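The values are calculated or read from the model by the stated rules, or taken from the named source; none is laboratory data. From a predicted model like this one, the values you see are computed outputs, not experimental measurements. All Cβ positions, even for glycine, are placed from backbone atoms using ideal geometry, and neighbour counts span all protein chains on display.
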Amino acid sequence: MKQPIRPPALRKGDAVGICAPLWVMTPADLEPARQKLESLGYPVKYAPHVFSDAFGYAGSVAERAEDFNTLIGDDEVRMILFSGGEVSNEILPYIDYDSLAARPKILCSYSDSTSVLNAVTSMTGLTTFYGMSPRTFANLTDYNLRSFERTLASGGVEHEKSGPWTVISPGRGEGRLTGGYLVNYAALFASPYFTPPEGKRMLFIEDHEMFSAPAVVSKWFSNLEMYGALDQAAGLIFGRYSYEVPDAVDAVLARIGEKYKIPVVRCGDFGHGEENALFPIGADCVLDTDSGLFALTESGVIPQN
């Protein structure tokens, strides 16, 4: 198991590098995010092939891997931000993991990027951050801005809830955060670039009705069970699925809580919705449904003076 590495916190003036490792991006897609980030004090650098559409749905594998590694090697870039899509797994064999371990920086994305974020944490020990993409900054809400500043700039350990959490299965657990988008996370267990964290794990998982019916959610959770992903679970936090969550989804979550005797909650704080709180993959945390507590027990970043 790799020794944990935390990236330095963001400071005003630190550059944010944007690449597109898993979907075609256009200038119109990224310009609102660039303007917002720069207004917050973070200059933006685009990777050389960020607008490539060599494959129609994305740039070539070589271009996307080169862009990712270029931003890793750029010492002005303190945060790498990228969007969701479909083909992030294609670049896993070509990421310069050694360079990233030597130059730790913030990696932030969500959705299909689950594959990249968890692979990086597994291969290097570096804490990565799930929940925000350029889309988040194009229409930055007050809630998301607070999460961004608290988690990545201030190094806070508190978690602000966007609304009431639904307790599916009560209890208390402590473990290391791991998870993301359900399909990608389940697929990772067949990858040579991912090993789940040792010891107790706090799973945070999201899926959405526009991608997966309740039966599909059940199917992929079953896959996680067959891989033993829940055997060391300390708890499960399920993100935004829909605004009116079907009983069938809650039934899947309830079965998991009962079978593994772990706390299970559902919330709208992360996922494919407006709320995009950040979850540091690889950081330790605690969940207690009796007190309503969810918080990190360590910062995901190294605070800077």
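Selection of segment 230-251 for residues being in contact with a helix residue (DSSP H, G or I) (Cβ under 8 Å, 6 or more places away or on another chain), surrounded by 21 or more Cβ atoms within 10 Å (Cβ to Cβ) and either modelled with pLDDT of 95 or more or acidic (Asp, Glu) (or both) yields Ala233, Leu236, Phe238, Val249.
Could you check how many residues of segment 109-150 are among the acidic types (Asp, Glu) and either farther than 18 Å from Asp67 by Cα or buried (at least 24 other Cβ atoms within 10 Å of the Cβ) (or both)?
So in segment 109-150, the residues among the acidic types (Asp, Glu) come out as 112, 142, 149.
Filter again for either farther than 18 Å from Asp67 by Cα or buried (at least 24 other Cβ atoms within 10 Å of the Cβ) (or both), leaving 142, 149.
Result for segment 109-150: 2.
With the condition kept exactly as written, say whether any residue in segment 8-23 is of a type in the set (Val, Ile, Thr), out of contact with any Ser or Thr (no Cβ under 8 Å at 6 or more places or on another chain), within 24 Å of Pro192 (Cα to Cα) and not in a loop (DSSP other than H, G, I, E, B). I'd like the intermediate steps shown before the answer.
Keep residues of segment 8-23 that are of a type in the set (Val, Ile, Thr), which gives 16, 18.
Cutting the leftovers down to out of contact with any Ser or Thr (no Cβ under 8 Å at 6 or more places or on another chain) gives us 16, 18.
Right, trim to within 24 Å of Pro192 (Cα to Cα) and you get none.
So far as segment 8-23 goes, no, none of its residues is of a type in the set (Val, Ile, Thr), out of contact with any Ser or Thr (no Cβ under 8 Å at 6 or more places or on another chain), within 24 Å of Pro192 (Cα to Cα) and not in a loop (DSSP other than H, G, I, E, B).
The conditions of being in a strand (DSSP E or B), closer than 23 Å to Gly131 by Cβ, touching a Ser or Thr at 6+ places or on another chain (Cβ under 9 Å) and not aromatic (Phe, Trp, Tyr) are not met by Asp250.
Criterion applied to Gly273, Gly268, Gly292 was being in contact with an Asp or Glu (Cβ under 8 Å, 6 or more places away or on another chain) and over 25 Å from Gly125 (Cα atoms), and the one residue passing it is Gly268.
If you filter segment 259-294 down to residues that are part of a strand (DSSP E or B) and over 16 Å from the mean Cα position of the chain (by Cα), you find that the one that is surrounded by the most Cβ atoms within 10 Å (Cβ to Cβ) is Val264.
Mind listing whichever residues of segment 72-91 are buried (at least 21 other Cβ atoms within 10 Å of the Cβ) and closer than 28 Å to Phe211 by Cβ?
Narrowing segment 72-91 to residues buried (at least 21 other Cβ atoms within 10 Å of the Cβ): 72, 77-83, 88, 91.
Listed by number, the residues that qualify are Met79, Ile80, Leu81, Phe82, Ser83, Ser88, Ile91.
Just one of the listed residues (Ile106, Ile18, Ile5, Ile95) is of a type outside the set (Asp, Glu), surrounded by fewer than 19 Cβ atoms within 10 Å (Cβ to Cβ) and in contact (Cβ under 8 Å) with a residue 12 or more places away in the chain, namely Ile5. Taking segment 93-115 as the range and being in contact with a Phe, Trp or Tyr (Cβ under 9 Å, 6 or more places away or on another chain) and farther than 21 Å from Gly155 by Cβ as the test, the residues that pass are Pro93, Tyr94, Ile95, Asp96, Tyr97, Ser111, Asp112, Ser113, Thr114, Ser115.
The rows are residues; the columns are (1) surrounded by fewer than 17 Cβ atoms within 10 Å (Cβ to Cβ); (2) outside any helix (DSSP H, G or I).
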{"position": "Pro32", "(1), (2)": "yes, no"}
{"position": "Glu38", "(1), (2)": "yes, no"}
{"position": "Ser52", "(1), (2)": "no, yes"}
{"position": "Tyr57", "(1), (2)": "yes, yes"}
